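The values are calculated or read from the model by the stated rules, or taken from the named source; none is laboratory data. None of these values were measured; they are calculated from a predicted model. FYI the Cβ positions are ideal-geometry reconstructions off the backbone, even for glycines, and counts take in every protein chain you see. Surface accessibility is based on the protein's heavy atoms, side chains included, excluding ligands, DNA and RNA. Shrake-Rupley method; radii C 1.70, N 1.55, O 1.52, S 1.80 Å.
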Amino acid sequence: GVLMGRFDGDSGRPAGVYVLELLPGGPAAQSGLVQPEDMLVSVDAVDVTTWPLDEITRRLCGPPGTPVTLQFRRAHPHSPHTRLVTAELRRGAAAVLPSLSSAPGAWR
């Protein structure tokens with residue numbers, strides 16, 4: 001599992017949906033391919049950069065064990081450049097977490 005949130009671009013980073021935290025034991029953490037601060041670009045080759053977070057969540061959910069391909073934009077720590085990272089994962093059991101968009105100025 002992955003905890004994600006949407007930045008609106010006001011914080012100095014590009015607007016988008018970012019990985020906040022990897023849930024221990026989940027497919028993303030076990031793969032070693034996904035990192036906090038990665039920006040989600042696509043799910044199964046569908047561009048989700050402008051999608052609301054709840055639609056992305058629905059797209060990520062599916063029966064446990066089914067494949068899902070995620071593409072992320074990852075910032076280089078010492079330069080303004082980014083690179084694309086593709087993670088081919090198998091879905092795990094879904095956990096519903098509270099929304100981070102309810103607080104003023106919070107993730108959306």
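Identify, please: which residue in segment 42-60 is polar (S, T, N, Q) and under 17 Å from Val85 (Cα atoms) and is, among those, most open to solvent (accessible area, probe 1.4 Å)?
Keep residues of segment 42-60 that are polar (S, T, N, Q), which gives 42, 49-50, 57.
Checking the rest, the ones that are also under 17 Å from Val85 (Cα atoms) come to 42, 49.
Details: Ser42: 12, Thr49: 51 Å².
For segment 42-60, the residue satisfying everything is Thr49.
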When segment 42-85 is checked residue by residue, the ones that are part of a loop (DSSP other than H, G, I, E, B) and either under 18 Å from Met4 (Cα atoms) or in contact with a Leu (Cβ under 7 Å, 6 or more places away or on another chain) (or both) are Asp44, Val48, Thr49, Thr50, Trp51, Pro52, Cys61, Gly62
Those residues of segment 2-41 which are free of Cβ contacts under 8 Å to residues at least 40 places away in the same chain, surrounded by 16 or more Cβ atoms within 10 Å (Cβ to Cβ) and not in a strand (DSSP E or B) amount to Ala29
Just to be sure before I move on: is Leu84 modelled with pLDDT of 90 or more and open to solvent by less than 70 Å² (accessible area, probe 1.4 Å) in the structure I sent?
no
